[in-house]
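Below you'll find the structure, written out as structure tokens, and then a few comments.
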Amino acid sequence: MRDTDAHGFGADPGQGDALETELADFVRRVGELRAARGLPTTEQHTLLDAALFELEHVAEDLWPAWRSRLEAQRPHSPRTPAGALADRAEQQLFKALFQRLPLPVALVDADTAVRRMNVAATELTGVRAGYAAGRPLAGLLRPGDRAALRSQTAAVARGEGGRSLRVHLQQDPTTPLLVTLTALRPPNEQHPAVLLVLQTDGARTAHPLPSASASPSASPGGRGAARPDLTEATRRAELIDVLDAMTTALLLDGGGEPQQVLNTAARVLSAGFADWVVADLSSGGVLRRVCVRGPENDRAADMLAKKVIAQDPADCPLVVETARGGPASLQVRPDDLESFGRDESGDSILVQADVTSLLCVPLQSPLSGGGPVHAVLTLFRTGARLAFSLAEARVVDVMSHHIALAMRRRPS
């Protein structure tokens, strides 16, 4: 059995707080492992390894620490004053070396929250370092790999030795990444950090987001106008096409029945804009699922659609919160895999659909000035598709007002 003092539970004056934090983190990680049960059997080997690591952590670390805490509270000696700060020039040198390393590396805490990420890592993941700072690196991975990375990172931070595992980025699920983890003890800091090195078999040629150094207005000497961005212009044109298609469909739909209007809107949005569209009608505070549209000619998607249509919207926290008048929600790589509830067997819907981004919007008439919510519309994008952007979320918000007005329209 390992000595619990080596992991910070026995000799640290704040051992109670540290142990409570470890227990809370353990409960959360177990919840993530439970939520990932809906993955195919072929993808559950990594989850099994992570579960075994968690059980070992309980048996050899948490339980002895908890038992020691119950028996007696160890006295602690005052901490010695911190040593003199390292030379500033040397610190700058090490920061420059970190940023210029040719391998993608990131410095994270025990919960995979990013503290530093070098240029190569931002180019590999397609996420700017400023955006990634403070956010969990595990959120960039496929849902089935997140719990494994969190568990292994927590184990390394506890001092259980370096290790490696294979994971997949959500934006490029076909390319496996080898993640190597090792523990570091930054000077003048109480808690350890974990250094991650990311390696891929092949070079990625396209990034979901531009790198921090790829400024569209950059030119020699810092002068000169930005070149036209054909990709951005194309996306704007596509948004206008979707908005036009929605307006046309709502005008042609003369019935005005709420369920018919929602089916019309779902048909337009599922034609290339979103992979999944789920519509829930709200009447007198009661939610009722009236429409689910997923990928066509896909047997697995058809089976999942039956599970979603049979789901009670009241068991979907995200839908319930939106129906109560909450704001529209845009989530990229959602952390809470239970936010859209579970199927009858208890498996997460978001995991089974491999959701990489989602939009959940309330349908309220703009004429009512924030009146009752008539329905809730939820859109999913899955797999390697680009996540919903803020511009797309704004267009969906505009369409939601149009759909709400159409639902109030009286049949001619």
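The values are calculated or read from the model by the stated rules, or taken from the named source; none is laboratory data. Since this is a predicted model, take the numbers as computed values, not measurements. With ideal geometry, Cβ positions are generated from the backbone for all residues, glycine too; neighbour counts draw on all protein chains shown. Heavy atoms of the whole protein, side chains included, go into the accessibility calculation; ligands, DNA and RNA do not. Shrake-Rupley method; radii C 1.70, N 1.55, O 1.52, S 1.80 Å.
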#### Entry: Cα-projected label distance for E344 with S164, points at 7 Å along beta-carbon direction, nm
4.5
#### Entry: Base-10 log of normalised Debye intensity for the range 315-412 (one unit scatterer per alpha-carbon) at q = 0.14 Å⁻¹
-0.56
## Note on the structure
For 235-242, 124-131, ranked highest to lowest by mean beta-carbon neighbours within 10 Å, the order is 124-131, 235-242
### Task
Could you pull out the GluC sites (Glu not before Pro) across the range 286-371 that fall in loop regions by DSSP (anything but H, G, I, E, B) with no more than 10 other Cβ atoms inside 10 Å?
E296, E344
### Task
Sort out for me the Cα centre separation of the range 379-398 from the range 118-162, rounded to whole Å.
24
### Task
State the percentage of accessible surface on the range 274-385 attributable to carbon and sulfur atoms; use a 1.4 Å probe and exclude ligands, DNA and RNA.
48
### Query
Which ³J(HN,Hα) values, rounded to whole Hz and listed in residue order, are derived for the range 285-301 from phi using the Karplus coefficients 6.51, -1.76 and 1.60 in 6.51 cos²θ - 1.76 cosθ + 1.60 with θ = phi - 60°, glycine and proline given as x?
x, 9, 8, 9, 6, 10, 7, 9, 10, x, x, 8, 6, 9, 5, 4, 5
### Message
Which residues does the label zone of Y131 cover in the range 265-294, counting backbone N under 14 Å from a point 7 Å along Cα→Cβ?
### Response
none
#### Entry: Cβ crowding within 10 Å averaged over residues, with 297-304, 265-272, 398-405 ranked highest first
398-405, 265-272, 297-304
### Message
Give me the mean projected area, in nm² to one decimal, of the convex hull enclosing the Cα positions of the range 242-333.
### Response
7.1
